[in-house]
Amino acid sequence: MRRKRLFLLFFLFLFCSIHTLVEATGLYYILDGSGSMWGRVDGEMKIVAAKKVMTQLIAEMPPEIDSGLTVYGHRRKGDCSDIAELIPLGKLDREQATRAVQSIKPKGKTPIAESIQRVAARLKVQEDETTIVLVSDGIETCGGNPCKVTRELKESGIKFVMHTVGFDVGQQASDQLACVAMEGGGHYFSVTNAAELLETLSTVQKSVVTKTPAPIPEPPPEVKEIKQQVTSSSTSLRIKINRPGRVSFTTPSWLKKPYYWELVDPETGESRGKFNSIDTTVVPAGEYQIAWRQHEHGSSSVVLAEVVTVKSGEESIVPLTTSMQLNVPSWVKKPYYWKLLDPETGEQVFQSNRLDPCLVPAGEYTLIWRQSQHYAEDAILSPVNIEPDTLNIIEVATAFNPVPADWMQKKISYWDLREISPDGKGKMVARFGELFSPQLVPAGRYHLVYRLSEHGSTDSFLGEVEITAGKMNEFAMNTGAAFVLPEGIDPPYFVEFIPLDGAGKEGEAVRLNGSYLKGNFGPIALAPGAYKINYRQQEHGSSTITLVDSFDLQAGNLVEIEL
């Protein structure tokens, strides 16, 4: 009989659990992506821990639950409008949601009130109550009042419950987040590391799924009363101001004394102090990022991602271990510069003309290479991913070598690679001038374009080239045409090589302008194929005539045309 009753109780529990799972309401996260999230807890960067936790929560989210994610402060420094819904409220696309979480790169301020306002506006149309979970590692920094905003939104009739999680926060932020939770009808949770963050958010998520009350967090420890001594011989008070803290570095063996380093506000980027010694340095208590400039010339300042918390009277040890080094082939000469750009905003993160190891912030970037100041353009080489706390060796070995025939003029206007397009006007991805030489270029399939003279010729499309990643790719430039001018005859006003397709349709002409070329009238490189040749002796006083209706130019041949 007792076994039968237990079975019935278990069946009722299972039925209720399944029933509530189907009818579960939505769960919406607001995540702090501000610059301070580069701080560390238990040796791990907060943003790294938060990404791991959010990724696991996404994996465990039941398919029938509507969920979403808004992040603030992850795109621009000092911008209080930097708020974005990365995961739209609805049924999760797990793969897309995970990619969205991994794309977060802390940068800016902490607009908590405005974030709550936007999320609540998003929930107005929801019939069922939605649980909002706000995770922040700091206090509102954009002048808003998140506590008041939450109260007003609840009073407006929007159906939501607000829980807040303080991720390694001080007392002021803890009080603010606790007030938000109270006004939102939820609970405030204080966590100090990744394990506690995962346990708290998993518990809240399960409570939403099963429609059970969220657990009441343990009350925070009592704050000790601050006592101030009053002297007996004066009416003034004797108080102690906060002692400064100290910053020291752990560095790899290759890192030398910098030109300078400075403390910057992690949300606004404003400088709070500049130094050039890497010995232990006394600084005011607070939260900072380190801006590092290794050399006076040749490299820029770079803001390292990690946020340093300096406490009164304590020493903060900053590991300077996130770095990179470009590994290039032996033939590569020192560049005019290389850069790391933010792939989303295009903003420069770091620039240098050196190939030795350098400190950089962790993250994903676009690598730009410029070989020379005047005879090259910026080439977008590849995306790079900088892992934290290690020296990242970035191999840069994708190269292209246009090999000119011995009859070609060695000094030219330029050659370049362009994205393939029907009209031949695709985006230029790499350009090099004056001389033929091997160059670092991006992998891909491109049009190879050559220009003999800036004004004395037009572009000559030599064909499509396939650039294989990590290799030296070569192209023989040994097909073309040359004119033999009788002695005493000036070069013509122009000569045109007009490509013809299989049906005889004319393409864009390649022109030699004699008035500019004078004694250097060709030869010129062309793509193999059929051509028509037009000729004009003088700008005025003569007309354009067709010298050759059609001739076939075979690959590897130089055709000489005697006038």
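Within the bounds of region 109-131, is there any residue that is at pLDDT 90 or above, assigned to a helix (DSSP H, G or I) and among the hydroxyl-bearing types (Ser, Thr, Tyr)? Looking through region 109-131, at least one residue is at pLDDT 90 or above, assigned to a helix (DSSP H, G or I) and among the hydroxyl-bearing types (Ser, Thr, Tyr). Residues of region 39-77 that are small (Gly, Ala, Ser) and either surrounded by 17 or more Cβ atoms within 10 Å (Cβ to Cβ) or at pLDDT 90 or above (or both): Gly39, Ala49, Ala50, Ala59, Ser67, Gly68, Gly73.
Hey, can you tell me all the residues within region 89-102 that are surrounded by 17 or more Cβ atoms within 10 Å (Cβ to Cβ) and either assigned to a loop (DSSP other than H, G, I, E, B) or out of contact with any Ser or Thr (no Cβ under 8 Å at 6 or more places or on another chain) (or both)? Hits for region 89-102 are Leu92, Ala97, Ala100. Which one is surrounded by the fewest Cβ atoms within 10 Å (Cβ to Cβ) among residues in region 525-557 that are of a type in the set (Ser, Thr, Tyr) and closer than 19 Å to Leu462 by Cα? My answer is Ser550. Across region 255-292, the qualifying residues are those that are under 27 Å from the mean Cα position of the chain (by Cα) and among the acidic types (Asp, Glu), and the one among them that is nearest to Pro106 (Cα to Cα) is Glu267. Would it be correct to say that Val71 is touching a residue at least 60 places away in the same chain (Cβ under 8 Å), in contact with a strand residue (DSSP E or B) (Cβ under 6 Å, 6 or more places away or on another chain) and outside the structural domain of Glu306 (by TED's automatic domain parsing)? No; evaluated as a whole, the condition is false for this residue.
Among residues of region 477-490 being surrounded by 12 or more Cβ atoms within 10 Å (Cβ to Cβ) and touching a strand residue (DSSP E or B) at 6+ places or on another chain (Cβ under 8 Å), the one that is modelled with the lowest pLDDT is Phe483.
In the set Gly470, Gly522, Gly502, which member is at pLDDT below 90, in a loop (DSSP other than H, G, I, E, B) and exposed (fewer than 14 other Cβ atoms within 10 Å of the Cβ)?
None of the other options fit; the residue is Gly502.
Can Gly507 be described as out of contact with any Gly (no Cβ under 7 Å at 6 or more places or on another chain), more than 30 Å from Ile368 (Cβ to Cβ) and touching a residue at least 40 places away in the same chain (Cβ under 8 Å)? For Gly507, the condition - out of contact with any Gly (no Cβ under 7 Å at 6 or more places or on another chain), more than 30 Å from Ile368 (Cβ to Cβ) and touching a residue at least 40 places away in the same chain (Cβ under 8 Å) - is not met. Taken as a whole, the condition of being farther than 29 Å from Leu359 by Cα and out of contact with any Lys or Arg (no Cβ under 7 Å at 6 or more places or on another chain) does not apply to Pro383. Please work out if Gly186 is out of contact with any His (no Cβ under 7 Å at 6 or more places or on another chain) and of a type in the set (Gly, Ala, Ser). Against the criterion (out of contact with any His (no Cβ under 7 Å at 6 or more places or on another chain) and of a type in the set (Gly, Ala, Ser)), Gly186 does not qualify. In region 174-194, the condition of being surrounded by fewer than 20 Cβ atoms within 10 Å (Cβ to Cβ), under 30 Å from the mean Cα position of the chain (by Cα) and outside any helix (DSSP H, G or I) is met by at least one residue.
How many residues does region 372-419 hold that are more than 26 Å from the chain's Cα centre (by Cα) and of a type outside the set (Phe, Trp, Tyr)? Adding up the residues that qualify gives 14. Of the set (1) over 23 Å from Ile290 (Cα atoms); (2) free of Cβ contacts under 8 Å to residues at least 60 places away in the same chain; (3) surrounded by 21 or more Cβ atoms within 10 Å (Cβ to Cβ), all apply to Thr131 but (2). For region 388-418: of the residues being under 19 Å from Leu526 (Cα atoms), of a type outside the set (A, V, I, L, M, F, W, C) and at pLDDT 90 or above, which is surrounded by the most Cβ atoms within 10 Å (Cβ to Cβ)? So, considering only residues that are under 19 Å from Leu526 (Cα atoms), of a type outside the set (A, V, I, L, M, F, W, C) and at pLDDT 90 or above, the one surrounded by the most Cβ atoms within 10 Å (Cβ to Cβ) is Pro402. Of all residues in region 192-203, those that are more than 15 Å from Tyr28 (Cα to Cα) have Cβ atoms under 6 Å from Cβ atoms of residues that are in a helix (DSSP H, G or I), 6 or more apart or on another chain, in Ala194/Ala49; Leu197/Val53; Leu198/Val53. Val302 meets each of the listed conditions (1) closer than 27 Å to Pro442 by Cβ; (2) buried (at least 17 other Cβ atoms within 10 Å of the Cβ); (3) in contact with a Ser or Thr (Cβ under 8 Å, 6 or more places away or on another chain); (4) not assigned by TED's automatic domain parsing to the domain that holds Ile368 apart from (3).
The values are calculated or read from the model by the stated rules, or taken from the named source; none is laboratory data. The structure displayed is predicted, hence computed values, not measured ones. Quick reminder, even Gly has a Cβ in these numbers, built from the backbone with ideal geometry, and neighbours come from all protein chains shown.
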